[in-house]
1. Suppose we keep just the DSSP beta bridges with both residues in the chain; what percent of those would be antiparallel, to 5?
2. Helix 185-194 against the longest principal axis of the chain: what's the angle in degrees, Cα atoms only, rounded to the nearest 10?
3. Counting helices only, and only those DSSP H runs with n ≥ 4, report the 222 nm mean residue ellipticity of the chain as the sum of -39,500 (n - 2.57) divided by its residues, in deg cm²/dmol to the nearest 500.
4. Cα centroids of segment 148-184 and segment 65-108: how far apart, whole angstrom?
5. Which whole-number percentage describes the relative contact order of segment 1-132, with Cα contacts under 8 Å and a sequence gap of 6 or more?
6. Measuring from label point to label point, each 7 Å out along Cα→Cβ, what is the residue 39 to residue 194 span in nm?
7. If each of residue 131 and residue 168 carries a label point 7 Å out from its Cα toward its Cβ, how far apart are those two points in nm?
8. Suppose each label sits 7 Å from its Cα in the direction of the beta carbon; what would the residue 32-residue 139 distance come out to in nanometres?
């Protein structure tokens, strides 16, 4: 039985590495007495697959993992049991049984949305939004493997929205996480800095969602399964 789960990671856990997150999940599954399946071989491990890695320093509103169970378990029962075992800064929001032949999360997630909480006027951020979307090129220094090269983010920025709150303004950017270009959140930070929004203005950064971007539509991994 294969489950696909949506969960949140609050800011208290923003400095966990991907390996730390795997260990946290494994301990919670044990405490919850979840009948998870193990791989075969000399060093068996649980059949858990996280979605795209949440960068260290960020928290996430809608993250995903797939988990194979040894025997069937009702999704509601699974969610209740695991939520009781997880730390308060983390929890499942949705659980769904998926086909065992469904493509892996890493293969289908090709887009993410990042939110920058900014101390600036909405008018300024609206102008920056228009400038970014109108620009033919958006060059930053790559933060990936080719750090010495400039990288054009323009083809990988699909959508930008400015959201006003009582205290701050949020700029949310939907970007590519694969083809045509892998856009990283720290590269977006540099892009904003080029437009006058420096680190002192940015009060928080988090990933608000992971998506399957197809035919100009953003669907969650729970919406795009067999």
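Please treat every number below as a calculation from the coordinates, not as lab data. No experiment lies behind these values; they were computed from the predicted model shown. Every residue, glycine as well, gets a Cβ built from its backbone with ideal geometry; the counts of neighbours run over all protein chains shown.
1. Close to 95 percent.
2. 10 degrees
3. Details: 5 runs with 52 residues, N = 226.
My calculation for the chain gives -7000 deg cm²/dmol from helical runs alone.
4. 29 Å
5. Details: 179 pairs, mean separation 50.8, N = 132.
Relative contact order for segment 1-132 comes out at 38 percent.
6. About 4.0 nm, to one decimal.
7. 2.1 nm
8. About 4.8 nm, to one decimal.
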